[in-house]
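Each reported figure results from applying straightforward, stated rules to the coordinates on display, with no laboratory input. What you see is a predicted model, and the numbers here were worked out from it, not measured in a lab. Cβ placement follows ideal geometry from the backbone for every residue including glycine, while neighbour counts extend to all protein chains displayed.
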Amino acid sequence: MTSTERGICREFKRSREALERLLRDPERALLMSEEEKEECFISDQYVSRHLKKMVDLMFRYHAPSVIFATTSSLINIIGRKGIFKKHMARFTVLIGDEASQIPEPVVVTFAMLLPWVRQVYIGDVHQLEPHVSGPANSSVAIYGARSTMKILTDARAVLVAPLRTTFRSHPALIELPNRVAYEGSLVSGVRAEDRGAGVLEPGQPPDGEGNPTGRYHGHRLLSGTIPSDARACPLSRHRNGYG
């Protein structure tokens, strides 16, 4: 990396940190002096002007193997003037999660912008499709755009094998979707009495005693004796206002 590029990175980092401090504490903007407002404006301008350059440097010196983005953000950054457009040739797979919430036009857009990419979609065939407000004369309404999962499940060549055991929710919370969408086939992988295991009050040591932290083993919390654990406990208590 050249000295000029390092200078750009340092200034971009400084400007970005200044903006992030303001984002974390937006009320601070009301108390800013004229000099601070000017500095914030300059930082914002610098970040905007050099963002594409920073993306180019990232791909040149430390190219990512994976990019995480929402569907709308991805379309923006790989579109005709997108800051990632010229770097997308290195990627070969696109994975879309929550496919029931991805409308059909988005899939078509990806196919047009990334024709060489293999698209993989993951979702729940029983999940409700996306609902958005729009004019009746829009192309989406006229042509009856569906969700990605609906397109896939209607295709004869696509095999559907729903996963019916869930470990994320309390058994009581799956009763409604079980009745509405899953026809009683959804099964909880965790018992109701086990859902509270490991849930602690803020700042409370895992064993409820004086030991700092513990390790989860099965359904019991076993006290730990690692020195770093002992240092972590007072810090967590301080952050939560317990000492």
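Tabulated data
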| item | result |
| --- | --- |
| For Thr109, net neighbour charge (Lys/Arg +1, Asp/Glu -1) across residues whose Cβ lies under 14 Å away | +1 |
| Radius 15 Å from Cβ of Val66, net charge of other residues (Lys, Arg +1; Asp, Glu -1) | +1 |
| Gyration tensor (alpha-carbon) shape descriptor, the range 1-85, a/c threshold 1.5 | oblate |
| Built amide H within the under 5 Å cut-off of Val187, gap 5+ | Thr165, Thr166 |
| Order of Leu22, Leu173 under a 10 Å beta carbon neighbour criterion, fewest first | Leu173, Leu22 |
| Among the listed pairs Lys81/Lys150; Lys53/Lys81; Lys13/Lys37, those beyond 23 Å (Cα-Cα) | Lys81/Lys150 |
| Cα gyration tensor shape of the range 25-179, rounded if a/c is under 1.5, else prolate or oblate by comparing a/b with b/c | prolate |
| Nonlocal amide H pairs with Leu94, under 5 Å, H built at 1.01 Å | Arg118, Gln119, Val120 |
| Nearest-0.05 FRET efficiency for Ser138 and Lys53, computed from C-beta distance (R0 51 Å) | 0.85 |
| Phi to ³J(HN,Hα) by Karplus 6.51 cos²θ - 1.76 cosθ + 1.60 over the range 37-45, Hz, x for Gly, Pro | 5, 5, 5, 5, 5, 5, 4, 5, 5 |
| Summed residue charge, Cβ within 13 Å of Ile122's Cβ, Lys/Arg positive, Asp/Glu negative | -3 |
| ³J(HN,Hα), Karplus 6.51/-1.76/1.60, whole Hz, each residue of the range 172-179, x for Gly, Pro | 5, 7, 8, 5, 5, x, 5, 7 |
| Stretchable slack from Arg14 to Ser72, in nm (0.36 nm times residue separation minus alpha-carbon distance) | 18.0 nm |
